[in-house]
1. Which of the residues spanning the range 95-142 are charged (D, E, K, R) and crowded, with 16+ Cβ neighbours inside 10 Å?
2. Name the pairs: first residue in the range 232-253 and closer than 22 Å to Leu198 by Cβ, second residue among the β-branched types (Val, Ile, Thr), Cβ to Cβ under 6 Å, at least 6 apart or on different chains?
3. Working carefully through the options Leu111, Leu76, find the one that is within 22 Å of the chain's Cα centre (by Cα) and modelled with pLDDT under 90.
4. In the range 162-180, what count of residues is obtained for those that are within 18 Å of Ile14 (Cβ to Cβ) and touching a helix residue (DSSP H, G or I) at 6+ places or on another chain (Cβ under 6 Å)?
5. For Thr163, state whether it is at pLDDT 95 or above, surrounded by 15 or more Cβ atoms within 10 Å (Cβ to Cβ) and in a loop (DSSP other than H, G, I, E, B).
6. Go through the range 176-213 residue by residue and tally those that are part of a helix (DSSP H, G or I), farther than 21 Å from Leu79 by Cα and in contact (Cβ under 8 Å) with a residue 60 or more places away in the chain.
7. How many of the residues making up the range 261-291 are assigned to a loop (DSSP other than H, G, I, E, B) and under 13 Å from Val121 (Cα atoms)?
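The values are calculated or read from the model by the stated rules, or taken from the named source; none is laboratory data. Keep in mind the model is a prediction, meaning the values are calculated, not measured. Quick reminder, even Gly has a Cβ in these numbers, built from the backbone with ideal geometry, and neighbours come from all protein chains shown.
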Amino acid sequence: MHKKEVFNLEKRYIIILSLLIFFGFYKNAWLLKVNGFYTINDCFKIILLPLISVILGFIYDKLNKEKNYFSTSIYLLLLGMTFPSNTNIFLYLISNLLYLGIIFLFKNKHLPFNLIVLLKVLSIIFLTLINNVNYANLLEQSQEFNYNFLDKLIGFTPSGIFTSSFIFIILGFILLLFDKYYKKEISLLSIGSYLLTLLLISVFKKDMLLFIREALNSLIWFSFILIAPLSIYTPVIKKNRIYYGITLGIITVFISLLTNFYDGVFISLVISDSLRIIYLSLKKMKCLRKN
């Protein structure tokens with residue numbers, strides 16, 4: 001892929017992430033201040049999170065002569081935006097620094113796994129151990145407001161701190177579909193297989209509320225659309241992209257039922273990457289035996 005083509009796709013990501021961050025700040029900081037749950041200092045801490053990612057990524061790219069597929073800031077944002085709204089600023093900083101440390105150690109090698117989701121899963125484990133995982137902000141926890149379906153589409157629902165606006169995610173998806181280097185097969189098929197599997201299980205369990213509640217889960221759609229298709233981690237061949245997308249969507253439903261519909265998608269991404277690595281390893285061994 002040429003530098004100009006990468007830049008065009010990168011610009012689309014920047015536009016989408018900027019809109020989501022803007023809405024996330026409005027929903028998880030400003031509205032809480034207006035309703036008496038947050039102070040100005042609390043709001044400042046929220047907006048400081050994406051600034052940390054942007055600044056650290058910028059510094060790393062300036063010090064690192066080798067240009068990555070995207071600016072490092074984008075990868076750091078994709079990691080941090082999925083964290084719960086009550087994320088401690090130091091945990092956020094540590095996760096960003098861990099990402100930078102790992103890519104620095106392996107900068108001359110291709111990482112076979114999606115580092116974003118691996119660190120996300122490790123953070124989930126840590127937060128679970130200290131009993132500090134809650135994707136609902138204080139206003140949502142208070143249950144002072146009853147949100148309707150339209151409110152949830154706009155983004156007034158528990159999600160990652162900057163991933164709750166379903167409408168902005170869909171608009172971003174449409175924008176990405178017009179880029180020929182965006183791996184749309186992965187996102188389209190993961191969404192399709194996720195919805196179909198979820199519908200079948202809901203019918204089987206006679207629980208259509210499950211489908212209604214989780215079909216438009218913004219954190220899952222964010223992951224399918226913006227994280228899963230990242231070119232440095234996903235299959236290149238179109239046929240393999242199709243298999244990867246379908247597998248991811250199906251696995252996500254079952255893992256989410258076993259865990260929850262906020263963290264399950266990231267565990268599923270790790271499993272899908274692991275299956276892809278095993279497949280490639282077996283294929284390589286088969287070729288070596290033939291030779």
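1. Lys120, Glu140
2. Here the result reads Arg241/Ile186; Tyr244/Ile186; Gly245/Ile186; Ile250/Thr197; Ile251/Ile271; Thr252/Val265; Val253/Thr197, each pair linking the range 232-253 to a residue that is among the β-branched types (Val, Ile, Thr).
3. Leu111
4. The number of residues fulfilling the criteria is 11.
5. Yes; evaluated as a whole, the condition is true for this residue.
6. Total meeting the criteria: 2.
7. Keep residues of the range 261-291 that are assigned to a loop (DSSP other than H, G, I, E, B), which gives 261-263, 291.
Those left that are additionally under 13 Å from Val121 (Cα atoms): 262-263.
Total satisfying the criteria: 2.
Yes/no matrix, rows are residues, columns are (1) out of contact with any Lys or Arg (no Cβ under 8 Å at 6 or more places or on another chain); (2) of a type in the set (Lys, Arg):
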position: Leu150; (1), (2): yes, no
position: Pro158; (1), (2): yes, no
position: Phe168; (1), (2): yes, no
position: Gly172; (1), (2): no, no
position: Lys184; (1), (2): yes, yes
position: Ser193; (1), (2): yes, no
position: Thr197; (1), (2): yes, no
position: Phe204; (1), (2): yes, no
